[in-house]
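What follows is a single structure, written as C-alpha cells, with notes after it.
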Amino acid sequence: MGQLSLPLWTTTDRTEPRERTSSETPHATSQDSAGLQLAARLGTLLREPVEVELTDNAWTMVSWKRVEGRLQYRLHHMFCGAAEPLLRALAGFAGKNRKLHGAAIDEFVRTHRHLIKSSLLKAEPSLAARGRVHDLIDIYDQLNAQQFELRVKARIGWGRRPPDGRRRSIKMGVYFHEQKVIRIHPALDDEQVPRHFVGLVVFHEMLHQVLPPTTDGGGRRTVHGRDFRAAERRFPDYERARAWEKANLHLLLRRRD
C-alpha cells in the first residue's frame with residue numbers, strides 16, 4: 001500500500017471474521033497452523049494464554065485487547081515466522097513500553113509493505129447504490145464535486161437488510177478503509193428519511209477517507225477527532241440533518257426492512 005501515514009498498530013480495531021487460533025487449542029488445520037505457532041511462541045514469552053487472529057488487513061497491522069483475562073492479538077500474515085527480536089517486540093507491545101516496541105514493529109512493516117499490497121487484490125464485492133427512494137451514487141457524486149473537489153475515491157452501496165423487528169441501536173453507515181467501500185444502512189432508504197439526512201451520513205463516511213484515524217505514541221486510536229468533527233460540521237445542511245435525526249431516530253429503530 002505504501003501509505004506510512006496509516007496507523008500500523010493500535011490497541012483497538014474493527015472486528016472482522018478471520019481465522020482465529022489459540023495457544024491453548026490442541027488441534028489445528030493446515031490453514032491456521034501458522035497462527036497457532038505464532039500464538040504458542042507469544043504465549044511462551046508472555047507466560048499466559050494468547051490467541052492470534054491472522055488477517056490480510058491493509059490498514060492495521062497489529063492490534064491487541066484483553067477479553068475476560070485472555071490476551072488476543074490481530075496480526076497481519078506478514079508476521080508469520082517472525083524472528084525472535086520481532087516476536088519480543090510484538091509481546092512487549094501489549095505491555096507498558098508500547099512506543100519503543102511499536103517503533104520496531106513499524107520498521108518491520110515498512111520493509112515488508114509489499115506483502116500488504118496483495119491483500120488489495122481481492123475481488124470487489126457487488127454494491128447496489130440505487131435504492132427504492134435514494135440514489136447513493138447521485139448523492140456521493142454531488143458531495144464529491146461540491147465538498148471534496150473529487151478527491152474521494154470510494155465505492156458506495158446499501159448494506160444488507162437485517163432481520164425484521166425493532167432495533168436498540170443503528171449504525172447509519174460504515175467506511176471500510178482497506179476496500180475503500182462505503183455502506184449505508186438500508187433503513188435510510190425510505191420516503192420518510194430526507195435526502196439531506198442521507199447526505200450527512202454519506203458525507204461522514206467520505207470524511208473517513210480524507211481524515212483517517214490517528215494513533216498516538218501510546219497506541220491509542222482516535223477515529224472521530226477534533227479535526228474530523230470540525231470538518232463534519234461544514235456539511236451544508238448539518239444542523240437541519242442533526243435536528244431531523246434527533247426528532248426521528250425512533251422511526252429508524254422501529255423500521256421493519
Other-chain or far-sequence residues with amide H under 5 Å of residue 173's (modelled H): 185
Contour minus Cα-Cα distance for residue 84 and residue 141 (0.36 nm per residue): 15.6 nm
Residue 250/residue 229 FRET efficiency (R0 22 Å; Cβ-Cβ; nearest 0.05): 0.35
Residue 153/residue 44 FRET efficiency (R0 41 Å; Cβ-Cβ; nearest 0.05): 0.40
Under Karplus coefficients 6.51, -1.76 and 1.60, residue-wise ³J(HN,Hα) of segment 67-74 in Hz, glycine/proline x: 10, 6, x, 9, 8, 10, 9, 10
Ranked packing of 182-193, 104-115, most packed first, by mean Cβ within 10 Å: 182-193, 104-115
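Throughout, read-outs are computed from the coordinates displayed, never taken from laboratory work. Given the structure is predicted, the values throughout are model-derived calculations rather than measurements. All Cβ positions, even for glycine, are placed from backbone atoms using ideal geometry, and neighbour counts span all protein chains on display.
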